[in-house]
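Worksheet for the structure shown next.
The values are calculated or read from the model by the stated rules, or taken from the named source; none is laboratory data. Computed from a prediction, not measured in an experiment: that's the story for all the values here. Note that we place each Cβ from the backbone using ideal geometry, even for glycine, and neighbour counts take in every protein chain shown.
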Amino acid sequence: MNEDLAGALSAVLDGAEITGLRRLTAGASRETWAFDADGRALVLRRDPPEVPRPVEVRREAECFRAAARAGVPIPTLVCSGEGDAVGSPYLIMERLDGETLPPRLLREERYAAARAGLARELGRTLARLHAIPPAEVPSLEAVDDPLVRLRAEHDAYGEPRPALEVAFRRLSRHPPSGTPRAVVHGDFRNGNLLVGEDGLRAVLDWELAHLGDPREDLGWLCLRAWRFGAAEEVGGFGSVEELLDGYAELAQRPDPAAVRWWELYACVHWAVICRMQAERHLGGSERSMEMAVLGRRVVEAEYDALLAMGLVDGALPAAEPVPPAGDRPTIEELLDAVSGALAEELEFADDRSAYLARVARTGLGVVAREVSLGPDLHRQHAACLADAGCSDDAALAEGLREGSLDPDDGAVAAAVRSSTLTRLAVANPRYPNTRPPR
């Protein structure tokens, strides 16, 4: 496939010699490839061929050009197209030096100076981004009532999520005051930022851009998932105060309470996105281990929502493992052996293979905990549901939604917490842990 793609890229780039073509690990919704064209370092981002989205690519190309005019740091867009040339809609841009992987940005000493001023710098960057005249990006869709849309997207899956019902209730009852519509990046976070030792170098991945409340970007950046285990509220490297201080250097200072509302909204939004990505696999449109495993991250976002509302303290329930049955090796031992083999065999593989091996090990860990701890956790949760007068999570979620159950009631609150924490104990028991500030 690489040879065919290299030939297609050469044709798009006026016969340039394509060398060093390799697929990168980044990008859950688009393929990302690095290559050189006549020695020029470039990146290709294209939709999966089975899920083309030409309208989104055209919109993103508009955003690149408008952002550059507004002074937002961004890679130079070389060209874009709707797919005939390279198999699916695509963008080709310059490849800049820097780091996007959050664990490296948050832990490596060489980025210490960049981390120190990054929250304030991102505030200034967002102020510039939100000042882009909407007329310069005419294809952007306006999202006037994002909570209604988010509720509809959640409801489409027909799955009871009591914690999300509590969050929807809080969001609908305490909306922020209105603000003029602006260009919103839609995915402005640690992981979509190219950072060098001197600070921010580029804002990446504009595929979710739209017109809406600019404070959405601020709340999304503060989402706990983008801290990657670090304590600092903004991307794991800074404070909300620093972020808003930077914003206020170029624009009116946002209301911190409104930013907190959007942070809670971000928790629910991330839960829906995880479920949406999993549906690409479950629905058969795109068979993907990565998408399947992502579906089990919904409960992490539920936990973050409860944490943002002050309804959980981080402790996960203890559970008794199921006694092993049958021949040795047991199911757990077999899963552990396969997981270890993945780690050993792919330790020195290319970046993408190593990344997929980590995803596979994550999925195997979920299976092992489901088999071993699941039965006892389910029994514990059933007892909490009974105390709240509910037969299952569906009854709990429905009661919260229609108002017959009060989330401030002790037994109901305990059942909501149990619904999330028992599943988190299976999906990712280390998730509540936070590293101390550096």
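Residues in the stretch 256-287 that are buried (at least 18 other Cβ atoms within 10 Å of the Cβ) and either in a loop (DSSP other than H, G, I, E, B) or among the polar types (S, T, N, Q) (or both): how many?
So the answer is 1.
Going by what's in this entry, would Glu232 be described as in contact (Cβ under 8 Å) with a residue 40 or more places away in the chain, touching a Gly at 6+ places or on another chain (Cβ under 7 Å) and assigned to a loop (DSSP other than H, G, I, E, B)?
Numbers: in contact (Cβ under 8 Å) with a residue 40 or more places away in the chain: yes; touching a Gly at 6+ places or on another chain (Cβ under 7 Å): yes; assigned to a loop (DSSP other than H, G, I, E, B): yes.
So Glu232 passes the test.
Give the stretch 235-255 a look and list any residue that's assigned to a loop (DSSP other than H, G, I, E, B) and hydrophobic (A, V, I, L, M, F, W, C), or say none.
Answer for the stretch 235-255, where residues must be assigned to a loop (DSSP other than H, G, I, E, B) and hydrophobic (A, V, I, L, M, F, W, C): Phe237, Leu250, Ala251.
Outside the structural domain of Met276 (by TED's automatic domain parsing), surrounded by fewer than 18 Cβ atoms within 10 Å (Cβ to Cβ) and out of contact with any strand residue (DSSP E or B) (no Cβ under 7 Å at 6 or more places or on another chain): is that true of Asp84 in this structure? Write out each step before concluding.
Values: outside the structural domain of Met276 (by TED's automatic domain parsing): yes; surrounded by fewer than 18 Cβ atoms within 10 Å (Cβ to Cβ): yes; out of contact with any strand residue (DSSP E or B) (no Cβ under 7 Å at 6 or more places or on another chain): yes.
Yes, satisfied.
Would the stretch 15-34 turn up any residue that is among the β-branched types (Val, Ile, Thr) and either touching a Cys at 6+ places or on another chain (Cβ under 9 Å) or loosely packed, with under 15 Cβ neighbours inside 10 Å (or both)? Before you say what the answer is, go through the steps one by one.
Filtering the stretch 15-34 down to residues among the β-branched types (Val, Ile, Thr) leaves 18-19, 25, 32.
Filter once more, so that each one left must be either touching a Cys at 6+ places or on another chain (Cβ under 9 Å) or loosely packed, with under 15 Cβ neighbours inside 10 Å (or both): 19.
Yes: the stretch 15-34 contains one or more residues that are among the β-branched types (Val, Ile, Thr) and either touching a Cys at 6+ places or on another chain (Cβ under 9 Å) or loosely packed, with under 15 Cβ neighbours inside 10 Å (or both).
Step by step: first the residues of the stretch 349-391, then only those that are free of Cβ contacts under 8 Å to residues at least 12 places away in the same chain and charged (D, E, K, R), then the one that is farthest from Val412 (Cα to Cα). Which residue is that?
Arg358
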